[in-house]
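Quick notes on the structure that follows.
Derivation of every value follows stated rules applied to the coordinates shown; laboratory data play no part. Predicted model, so just to flag it, every value in this text is computed and none were measured. Here Cβ is always computed from backbone atoms with ideal geometry, including for glycine, and neighbour counts include all displayed protein chains.
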Amino acid sequence: MTPNSYRICFLGGSRYSYPLSETHRKKFALLRHLGAVYIIGFSRNRQPRFFQQEACFYLLPALPVAPLRYILFFAVTPLILLWLIWRRRICIIIAQSPYEALAGLLVKKLSQLWKYRLCLVIESHNDFESYLFLQRKVWWPSLYKKIMRSVASLTIRQANVLRAVSRTTHDQLQNYSKGQPIVSFVAWTDLESFQAAGCAISEREKELTVVYAGVLIPRKGVHHLIAAFAQVIQQVPLSQLKIIGRPENPDYARELRQQVARLGLQSHALFLPEMSQQQLSYEVAKATVLVLPSLSEALPRVVVEAMAAGTPVIASDVGGIPDVVRDGINGFLVAPGDEDALARRMIYLLRHPEAARTMGQRGRKLANQLFSPQLYYQGYAKICQLCEQIRHESSRI
C-alpha cells in the first residue's frame, strides 16, 4: 500500500467535540493523506455521536464515572471494529494505550479465525504503570496494579508495532516488548497558534503571571504549585497565578480551591475553565512563565506549546520533560514535589524579565526543531509502512 490507501482505526479514551476543534481538524486533515481514517473515542458530553469531518468519528457518551466509561468502551468498541473490518476493510488498529489495546487485540484474534490480516499498533503517551494511581483514588491498588501489568504485558507482546512519544515511554515499552519495532515521535501539537501568539504579544504586554494549563488531577501536582506560589507572593506581591483546565477529578479541584482560600490567595490565584488552543495560546504567550509541577509525565504538549510561544517553562524533572526542557537554558527543572525549589525558580523569572525573555527565545528555537506537522505525518507513515510489511510477510506464511 502507499499513502492515501491505508485504512486505519484509532481508538482510545480521547474526547472530541462536534464540530472538531481547530487543533483536531488540522491533525486529522493531515492524517487523511494516509488514507481512510476512523476514530473510536468519546464525545464531550453524554450524547453519542457519529459524524465525518476529515475522518469518520464514532464517539461514545462520556459517562460521568470512569468505570462505567471503561465498561462501555470494552463492550462497544469490538463491535464497531468488527463492523469496520466487514464494511470498510480496515487493516491497522492504533490504540492509545496498552489498556485500550485489549479491545483491538480481541478483534485481531477473531479476525485470524477467517485469516484476515490485521495489524495492531500500541502507543504510549505516559507512564502506563502508575499514571492511573496519580489521577484518582483507586480501591485495592495492589490488585489493580497486578491486573494492569498483566493486561499491558499481554497486549504489548501481541502488538505488531509500538509507538512512543518520549525516551522514557520508549524504554518502558521496550521492557514489555518482545522485540517489536518501536517508532518514536512526539504527540500532535498545534504550534501555529502559539507561534502566532508569541509574535503578536509585545514585551510591554507581558504580565507578571505564572500559568498552569492542564487537567486538574493529583498527578499534575497543582497543589504543590499553589503552596509554592504562596511563597512567591511574599517576594513578588503583584504577581498572579492562573490555573487553566478541566476539573477531571472534581474532588481534587475542590481541594485546590480550598487550599487557595486557606492560604489567603483568592486575589492572586485565578481558576479558568478549559479553553480553545487559540485562547490558551494568548494566555501562555502573555505569561512570564508556564509551570508544570507534575509527579509523572511522558512528554506533555503544553511544554512544547509554551516554548513555541516564547514562554520559559519550569517543570518537574520526570518522564520525557528533560528531553525538551534544558535546565537553565530554556527553563528550569525541579524535583517533583519540591515546593521550595519551585518557588525560588518562579521568583527568579518574575524578578528577571530579561532572563525570562532569553530563555523563551531559546525555547522557541528548540520547539521549532522538535516538532513540525511533516515530522508527525512521517512518523505515522513509517508505522503504516511497517504494518504493511508485516501483513505482506504474514500472507506468505
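Considering only DSSP states other than H, G, I, E and B, which chymotrypsin sites (Phe, Trp or Tyr not before Pro) in the stretch 35-142 qualify as loop sites with at most 16 other Cβ atoms within 10 Å? Mind dumping the intermediate values first?
Working: sites: 38, 42, 50, 51, 57, 58, 70, 73, 74, 83, 86, 99, 114, 116, 128, 131, 133, 139; in loops: 99, 114, 116, 128, 139.
Those that pass, being in a loop and sparsely packed, are 114, 116, 139.
Just add up the charged neighbours of residue 155: K/R +1, D/E -1, any other residue whose Cβ is under 14 Å from the Cβ of residue 155.
+3
Per-residue extension of 0.36 nm, minus the Cα-Cα distance of residue 175 and residue 66, leaves a gain of 36.4 nm for this segment.
Where nothing but the Cβ of Lys and Arg (+1) and of Asp and Glu (-1) is charged, how large is the charge dipole of the stretch 276-351 around its Cα centre, in debye to the nearest 20? Don't skip to the end; give the middle numbers.
Details: 6 positive and 9 negative charges, 60 e Å.
The dipole magnitude comes to about 280 debye.
Scattering from the stretch 1-124 was approximated by placing one identical point on each alpha carbon and applying the Debye formula without solvent; log10 I(q)/I(0) at 0.12, 0.19 1/Å stands at -0.42, -1.06.
In debye, nearest 20, what is the charge dipole magnitude of the stretch 191-370 about its Cα centre with +1 on Lys and Arg Cβ and -1 on Asp and Glu Cβ, if you could check?
Values: 19 positive and 18 negative charges, 58 e Å.
Dipole about the Cα centre, nearest 20: 280 debye.
Looking only at the chain, where both bridge partners belong to it, what percent of the DSSP beta bridges are antiparallel (to the nearest 5)? Walk me through the intermediate numbers first.
Numbers: 5 of 52 bridges.
The antiparallel proportion sits near 10 percent.
Please give the calculated 222 nm ellipticity per residue for the chain, where each DSSP H segment of at least 4 residues contributes -39500 (n - 2.57) and the sum is spread over every residue; nearest 500 deg cm²/dmol?
On the way: 13 runs with 183 residues, N = 397.
My calculation for the chain gives -15000 deg cm²/dmol from helical runs alone.
Mean sequence separation of contacting Cα pairs (under 8 Å, at least six apart), scaled by the length of the chain, corresponds to a relative contact order of 15 percent.
Think of the stretch 191-370 as a dipole: +1 on every Lys or Arg Cβ, -1 on every Asp or Glu Cβ, centred on the Cα centre; then among 230, 260, 199, 199 lies furthest on the positive end. Pick out the long, greasy-scoring helices in the chain: whole DSSP H runs spanning 27 Å or more along their own axis by Cα, mean Kyte-Doolittle at least 0.5. For the chain, where a helix must reach 27 Å along its axis and average at least 0.5, the hits are 66-88. Take every Cα pair under 8 Å whose residues are at least 6 apart in sequence, average their separation, divide by the length of the stretch 191-370, and the relative contact order is 27 percent. Among 143, 216, 280, the residue with the largest mean-square fluctuation in a Gaussian network model of the chain, with springs joining Cα atoms closer than 10 Å, is 143.
Determine the sum of side-chain charges near residue 44: Lys and Arg each +1, Asp and Glu each -1, restricted to other residues whose C-beta is under 12 angstrom from that of residue 44.
Result for the neighbourhood of residue 44: +3.
Using alpha-carbon positions, what is the distance between the centroids of the stretch 344-395 and the stretch 1-61, in Å? Cα centroid to Cα centroid, the span is 22 Å. Each other residue within a Cβ distance under 12 Å of residue 35 adds +1 if Lys or Arg and -1 if Asp or Glu, for a net charge of +3.
Percentage of Cα-Cα pair distances in the chain greater than 29 Å, rounded to whole percent? Before the final figure, lay out the partial values.
Working: 35267 of 78606 pairs.
Cα-Cα pairs in the chain separated by more than 29 Å: 45 percent.
Toward the positive end of the charge dipole of the chain, about the Cα centre and with charges on Cβ (Lys, Arg +1; Asp, Glu -1), which of 118, 360, 182 goes farthest? Checked the options; the winner is 118.
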